[in-house]
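Asker: This is the structure I want to talk about, given as structure tokens.
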Amino acid sequence: MNELQTILSDTANRLLADRVTRKVLEAAEAGEWQAGLWQALEENGLPRVLVPESDGGAGGGWAEASIVLKAAGRHAAPVPLGETILAGWLLAKAGIQMPEGPVTLISSGAMIEKGKITGKAPGVPYARHAGHGVVLHAKPDAQSTTIALVELKGAAIEEDVNLARQPRDTVTFSGEEAAESGEIPGLVDVKLWGALLRACEMSGALSSLLEQTVQYAGERKQFGKPIGKFQAIQQQLAVLSTHVAAANVAAAHACTAADKYSDKGSARFEIAVAKIRADEAANLATGIAHQVHGAIGFTYEHSLHFATRRLWSWRAEFGSGRDWAKELGHAAIERGGEALWPFVTAR
């Protein structure tokens, strides 16, 4: 890691480890906004990791952002840190100053017309707590994408949560004026970049899952010795660690591709692979983790569920693994058999 990456890793993991306690997680699930945690994140500049230094950010790329996103997933941060990081990146591309406070993503249902926002947007992360939302609308010619920053205080918000009890609200716009708007060259797909966001967070949550499971296998004793000494458990842990490693590598590679191709091509293939791999790992890893933990792993008193419920929820967000696999399948068919291998190896 370079100097910036080392600083980000140390800062993010230390801050979140200290502040995201069980009490904080339970309070967040009960609907309490964690203002102190968010203030600490802002004071350390973590939500602005992708914002240029000239605009008050860290000036990092996706390789740097992935470090913060993975830490957020590992520690189950109950705030829209990932959404704000991505929003800041998108706003910077259009030359729009990022506002203070949490910013959320409105990925579907809302339209921009003559500087006004209309429509009903479901599943908006933390809309009730975010001061602003980012809306994107691609022009018919796909030569550019309109982006708007809109204040959410005037919109109607219907509160809801996902399986992990993270806010996923429905926001209804009735012609609210955009606070600022601009243009981003080319077609910008929130679903695509949201998939990268979730793949990174899922890799962190999977790492936490592995750590908890290995620790429990070393502490829980049966027949006079830790269950981690039994060959059957060791085999399960080996399978679990393999899937976690694969998801981490796929997410890291997608971030490298995002930095390489975002302004002169497309990292769509790598991001799709990362989300597919993260979803597959979540399906298998959560099952293994709960099997190793046994009955204790299903109780609310054990911390395992903070990771597993997030993984189960994030699988469906910004396109499921099945959705992305279907897209890659269609792309492979369109290219034909002879073009597939060169395309994959050229990446």
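The values are calculated or read from the model by the stated rules, or taken from the named source; none is laboratory data. Bear in mind that the values here come from a model prediction, so they are computed numbers and not experimental data. Positions of Cβ are generated from backbone atoms using ideal geometry, with glycine treated the same way; all protein chains shown enter the neighbour counts. Only protein heavy atoms, including side chains, enter the accessible area calculation; ligands, DNA and RNA are left aside. Shrake-Rupley method; radii C 1.70, N 1.55, O 1.52, S 1.80 Å.
Asker: What lysines could a cross-link reach from K114, if we take a straight Cα to Cα line under 21 Å and drop same-chain neighbours fewer than 8 places away?
Answerer: K93, K139, K153
Asker: Find the eigenvalues of the gyration tensor of the Cα atoms of segment 67-114, then list the square roots of 5 times those eigenvalues as equivalent ellipsoid semi-axes, largest first, in whole angstrom.
Answerer: Values: eigenvalues 109, 36, 16 Å².
Semi-axes, largest first: 23, 13, 9 Å.
Asker: I would also like to ask the following. Average projected area of the Cα convex hull of segment 237-285, in nm²? Display every interim value, and only then the final one.
Answerer: Numbers: hull surface 11.4 nm².
For segment 237-285, averaging the hull's shadow over all directions gives 2.9 nm².
Asker: In straight Cα distance, which lysines are under 30 Å from K225, not counting same-chain residues fewer than 8 positions off?
Answerer: Cα-Cα hits under 30 Å: none found.
Asker: Another question, then. Leaving ligands, DNA and RNA out of it, report the carbon-plus-sulfur percent of the accessible area of segment 1-144 at a 1.4 Å probe. Let's see the in-between values first.
Answerer: Details: 2790 of 5920 Å².
Carbon and sulfur: 47 percent of the exposed surface of segment 1-144.
Asker: Still on this structure: Which of the peptides 104-117, 32-45 is most tightly packed, and how do the rest follow, judged by the mean count of other Cβ atoms within 10 Å per residue? Walk me through the numbers before you get to the answer.
Answerer: Working: 104-117: 19.0, 32-45: 15.6.
Put in order of decreasing packing, that is 104-117, 32-45.
Asker: On average, how much accessible surface per residue is there in segment 1-63, in Å², for a 1.4 Å probe, leaving out ligands, DNA and RNA?
Answerer: Details: 3200 Å² over 63 residues.
Roughly 51 Å² per residue, with all protein chains present.
Asker: So, one more: Using amide H atoms built 1.01 Å from N in the peptide plane, name the residues 5+ places from A121, or on other chains, whose amide H lies under 5 Å from its own.
Answerer: V171, T172, F173
Asker: Need one word for segment 1-125: rounded, prolate or oblate. Basis is the Cα gyration tensor (sqrt eigenvalues a ≥ b ≥ c); a/c below 1.5 gives rounded, then a/b vs b/c decides.
Answerer: Working: a/c = 2.23, a/b = 1.20, b/c = 1.85.
Cα axes put segment 1-125 in the oblate bin.
Asker: Subtract the Cα-Cα distance of W33 and E113 from 0.36 nm times their separation in residues, and report this length gain in nm to one decimal. List each step's numbers first, then the result.
Answerer: Working: separation 80, 0.36 × 80 = 28.80 nm, distance 3.23 nm.
Contour length minus the Cα-Cα distance gives 25.6 nm.
Asker: Just to compare against my own numbers: the Cα pair-distance distribution for the chain, 10 Å bins, whole % per bin, please.
Answerer: 5, 24, 33, 24, 10, 3, 0, 0
Asker: Moving on. Over segment 195-347, one equal point on each Cα, no solvent: what is log10 I(q)/I(0) by the Debye formula at q = 0.18, 0.21 Å⁻¹?
Answerer: Summing over Cα pairs of segment 195-347 leads to -1.00, -1.22.
Asker: How large is the accessible surface per residue of segment 115-167, computed with a 1.4 Å probe and reported in Å² as a whole number? Could the numbers behind the result be given before it?
Answerer: Working: 2390 Å² over 53 residues.
Accessible surface, normalised per residue, equals 45 Å².
Asker: With just the Cα atoms defining each centre, how far is segment 107-155 from segment 276-290? Give it in Å.
Answerer: The distance from the Cα centre of segment 107-155 to that of segment 276-290 comes to 32 Å.
Asker: If you don't mind, another one. Evaluate the charge dipole of segment 54-114 about its Cα centre and quote only its size in Debye, nearest 20, assuming +1 on the Cβ of each Lys and Arg and -1 on the Cβ of each Asp and Glu. The partial results should precede the final answer.
Answerer: Details: 4 positive and 5 negative charges, 33 e Å.
Taking the Cα centre of segment 54-114 as origin, the dipole is about 160 debye.
Asker: Can you give the three extents of the C-alpha atoms in segment 87-213 along their principal axes, from longest to shortest, in whole Å?
Answerer: 53, 31, 27
Asker: Reported to two decimal places, what Rg/Rh ratio describes segment 276-335 when computed on Cα atoms with Rh from the Kirkwood expression?
Answerer: Looking at segment 276-335, the ratio lands at 1.16.
Asker: Expressed in nm to one decimal, what extension gain is obtained for the pair K260 and E151 from 0.36 nm per residue of sequence separation less their Cα-Cα distance?
Answerer: On the way: separation 109, 0.36 × 109 = 39.24 nm, distance 3.26 nm.
The K260-E151 span can extend by a further 36.0 nm.
Asker: Hey, if you drop one equal point scatterer on each alpha-carbon of segment 148-202 and run the Debye formula without solvent, what base-10 log of I(q)/I(0) do you get at q = 0.13, 0.28, 0.30 Å⁻¹?
Answerer: Log10 I(q)/I(0), no solvent term: -0.52, -1.06, -1.07.
Asker: Pop the C-beta distance of E100 and V214 into the FRET formula with R0 = 35 Å and round what comes out to the nearest 0.05.
Answerer: On the way: r = 40 Å, r/R0 = 1.15.
Plugging the Cβ-Cβ distance into 1/(1 + (r/R0)^6) gives 0.30.
Asker: Calculate the radius of gyration of the Cα atoms of segment 168-261 to one decimal place, then report Dmax, the largest Cα-Cα distance, as a whole number, both in Å.
Answerer: Every Cα atom of segment 168-261 included, Rg and Dmax give 21.4, 68 Å.
Asker: How much length is gained if the chain between A339 and K191 is pulled fully straight, taking 0.36 nm per residue apart and subtracting their Cα-Cα distance, in nm to one decimal?
Answerer: Extra length from A339 to K191 when fully extended: 50.7 nm.
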